Protein chains: 2
Amino acid sequence: MAMDGYRGFLVLLVSALLVGFLSVIFTLVWVLHYRGGLGWDGTELEFNWHPVLMVTGFVFIQGIAIIVYRLPWTWKCSKLLMKSIHAGLNAVAAILAIISLVAVFENRNFSNKTHLYSLHGWIGLTVVILYVLQLLLGFFVFLLPWAPLSLRAALMPIHVYSGLLLFGTAIVTTLTGVTEKLFFVLKDPAYSTFPPEGVFANILGLLILVFGALIFWIVTRPQWKRPKEPNSTLFQPNGGTTEREEGSMATSYGHNMDKSDSELNSEAAARKRNLALDEAVQRSTM
Amino acid sequence: MAMDGYRGFLVLLVSALLVGFLSVIFTLVWVLHYRGGLGWDGTELEFNWHPVLMVTGFVFIQGIAIIVYRLPWTWKCSKLLMKSIHAGLNAVAAILAIISLVAVFENRNFSNKTHLYSLHGWIGLTVVILYVLQLLLGFFVFLLPWAPLSLRAALMPIHVYSGLLLFGTAIVTTLTGVTEKLFFVLKDPAYSTFPPEGVFANILGLLILVFGALIFWIVTRPQWKRPKEPNSTLFQPNGGTTEREEGSMATSYGHNMDKSDSELNSEAAARKRNLALDEAVQRSTM
C-alpha cells in the first residue's frame, strides 16, 4: 500500500473508531442522564442495558470485526490469527446482543408487558438469530481446518454478503429501536416539542448511521484489501475464477485461501480443483 | 452468461420485482383500508400519499434503477441508452419523493404540527437532498458527454458507493417511518396488543427489508455484471487499474467507459491517460 493510500486509510479508520466510540458514549449518556441509569432488577434500569449492549456489541464491535482484515499492520500476521480475531470479535458481539435480549425479556416479564409486537422486535430477533447462525457457520467452515476448499469457495461470497447485510440490518433495527423508545417515553414534553432528550437521541441515531457508512466505505475499497497469500496464486491459474470471486464484494476476506490450505496441494491438483471450485462458486451464487 | 447463471438471475429478479410490488400493494392497502384513504386536502388523507409515494418511488423504483444495467437482454443496447434509463428511473424516484415530502409538509402546516422533529424526519430529508445531488452529479458527469474521463474515473467509485448507501438509508428511513406511524396512531387498541394494522404494517416492513436484500445481492454478483464494451480494453493496459476499479463494488456500471468515449482516443493516448486515471482514482478514495 502506497504511503498516500495508507494515510487515507488511517483517516477513515480513526473517523470510524471515533464515531463508533461516540455512539457508545451517547447511548450511555442517554440511559444514565435521561433514562434513570442502569441496573439488573427487572425494571426500566435493566431494560437500559439493551441499547447500551446493542450499540456497543451489535453495532460498534460488529463493525470493527468486519474491517479487521483491512488493517495494513496485520497483513504480516497469519490468516489464521486474523480469522480468530474476526471470529472472536463477532462472538463478543453475539454474546453482548444475547445478554441485551435477556435484559429486554426480563424487563417485559417483570412489568407484564407483551413481547415482540413491534417491527423493531421482529427484525431484531431475526437478525440476532441469523447472526449466531452466521457465526457458527463461519467457525465450522472457515476457522476449523476440516472444511474442503470447494465448500469454502462456495460459501465465501454468501458469508461476505450475509455479514454486510446483517450489519446493515443491525443498524436499521437500532434506529427503529431509538424511534420507538422516543415515541414511547417522550409524552410530556412531547417528542414533537424538541425536548433535549429527543434531539440528543436523534444525534445518536445519526452517529450510528455515519458509523455504518464509514465501515461500508472501508470494507468496499479494493485497494485496502489484505494482499493474497504468496501461495494462493496456485489457485488462480485461470483468470475467470479470480475475477469472479475478486469482484464478489471486494471485502478483505473475499477468496484468499490459507497458506496452510494451499501447502497441502501440489500445483497440478490445485489447478484441477480450481475448475471444480469455479463451478461450485457459480452454483452458489444463484 | 451461461444458461444456469441466467436462470439464477431471473429467479432473483422476479423475486425482487414480486417483493417490491407487494411492498407497494401493502402500503396502498395500509392507507386505503386502515388509514382512511388518499386525498389532497391537507388532512391525514394527504399525509397518506407520503408512504405510498416513498415506497413506490424511493424504495421500489430506486431499487430497480440500481440493477437496470444487469438485465442481460439489455447488454446489446448502447451504454448511453442504459444510462438514460438509469437516470430516468432515478429522476422519477426523486420526483415522487419530493411530492411525497410536499404531502407531509402541507399536512403538518394544515394541522399546525411541528416539522422535522424526529430521527425519521432528520435522516429522511437529508437522504432526499443527497439523492437529488447524486442525480444531478450523475447527469452532468456520466450522462452528458463533456466530463473528462479522468473525472468520470475518479467519481465512479463514489457514485456507486453513494448510490448503494442512499438506497440502504432510504430503507432505514422507511422502517423508522413505519415504526413512528404505528406508535403514533395505534393507541386503542395499542400496538402492543397485536392489532391487525400493527401486524400488517410489520409485514410491510419485512417486505421492504427483503426487497433491499435482494437488490443488494443482485447488484453485488460479479457474474451478472454488464460485460465491458469491446473498445474499453484500450483503457486497461495495466492490470492494476482494472483490478482496483473492478473490485470497487462489482456493480454493473463500475468503470466501463463508453464506446463513444473510447473511440475518441488513440490507443497510445489512452494508455498515457490510464496512468493519470490510476492516480486520480486512488486519490478519490481517500
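Please treat every number below as a calculation from the coordinates, not as lab data. No experiment lies behind these values; they were computed from the predicted model shown. All Cβ positions, glycine included, derive from the backbone under ideal geometry; neighbour counts span all protein chains shown.
Some values worked out for this structure:
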quantity: Cα-based Lys proximity count in segment B:3-227, under 22 Å, for pairs eight or more positions apart or on separate chains; calculated: 5
quantity: For B:HIS33, A:HIS86, order by how many other beta-carbon atoms lie within 10 Å, fewest first; calculated: B:HIS33, A:HIS86
quantity: Per-residue mean of C-beta atoms belonging to partner chains within 10 Å, peptide B:112-124; calculated: 5
quantity: Protection-proxy order for peptides A:146-154, B:115-123, each taking the mean of Cβ atoms within 10 Å per residue, highest first; calculated: B:115-123, A:146-154
quantity: Phi to ³J(HN,Hα) by Karplus 6.51 cos²θ - 1.76 cosθ + 1.60 over segment B:124-132, Hz, x for Gly, Pro; calculated: x, 5, 4, 5, 5, 4, 5, 5, 5
quantity: Segment B:1-114: radius of gyration and largest Cα-Cα distance (Dmax), Å; calculated: 17.7, 59
quantity: For segment B:86-96, Karplus couplings with θ = phi - 60° (6.51, -1.76, 1.60), whole Hz, Gly/Pro x; calculated: 4, 5, x, 4, 5, 5, 4, 4, 5, 5, 4
quantity: Radius, Kirkwood style, for segment B:3-227 when every pair of distinct Cα atoms is counted (Å); calculated: 18.7 Å
quantity: Test item: B:162-174 mean partner chain Cβ contacts at 10 Å; calculated: 4
quantity: Linear extension gain, B:ASP188 paired with B:LEU137, 0.36 nm per residue minus alpha-carbon span; calculated: 13.6 nm
